[in-house]
1. Looking only at segment 54-109, which residues are among the basic types (Lys, Arg) and part of a loop (DSSP other than H, G, I, E, B)?
2. Report yes if some residue within segment 71-89 is surrounded by 10 or more Cβ atoms within 10 Å (Cβ to Cβ) and modelled with pLDDT of 90 or more; otherwise report no.
3. Are any residues in segment 16-48 at pLDDT below 90 and of a type in the set (A, V, I, L, M, F, W, C), and if so, which ones?
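The values are calculated or read from the model by the stated rules, or taken from the named source; none is laboratory data. Only a predicted model underlies this, so the values are computations on that prediction, with no experimental measurement involved. Positions of Cβ are backbone-derived with ideal geometry, glycine not excepted, and every protein chain shown enters the neighbour counts.
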Amino acid sequence: MTSDANIISFKKRDEMITRETVNYISGLAKLHINEVQAQKFAGDLEAILHYVEKLNSLDVSQVKPTSHVLDMENVFRDDTVKPSLSQEQALAFSVEKLNGAYKVPKVIE
């Protein structure tokens, strides 16, 4: 792994993404990759950064900021009470029940 000095700067990039940089990033993400994968990811990341550079060169000063590409309105429905299962019906097919609730195995020690 390399030092933090080798972290990619998105403001000015003059060098290619190397396998060492990919190995450093994969180490941060706790991913185990082989050299073939590192070489492929280096090319993929380089292509992504070139595309980002193209996007950064666009003039977006006249583009209105948005939080979503489509105009969105509240899409929630009204809360209405509807018929549902009784407690007995809901618990009818449970393997184990305890005090009117599902009993499940402990998952946290």
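1. Residues satisfying the conditions are Lys64, Arg77, Lys82, Lys103, Lys106.
2. yes
3. Within segment 16-48, Met16, Ile17 meet the criteria.
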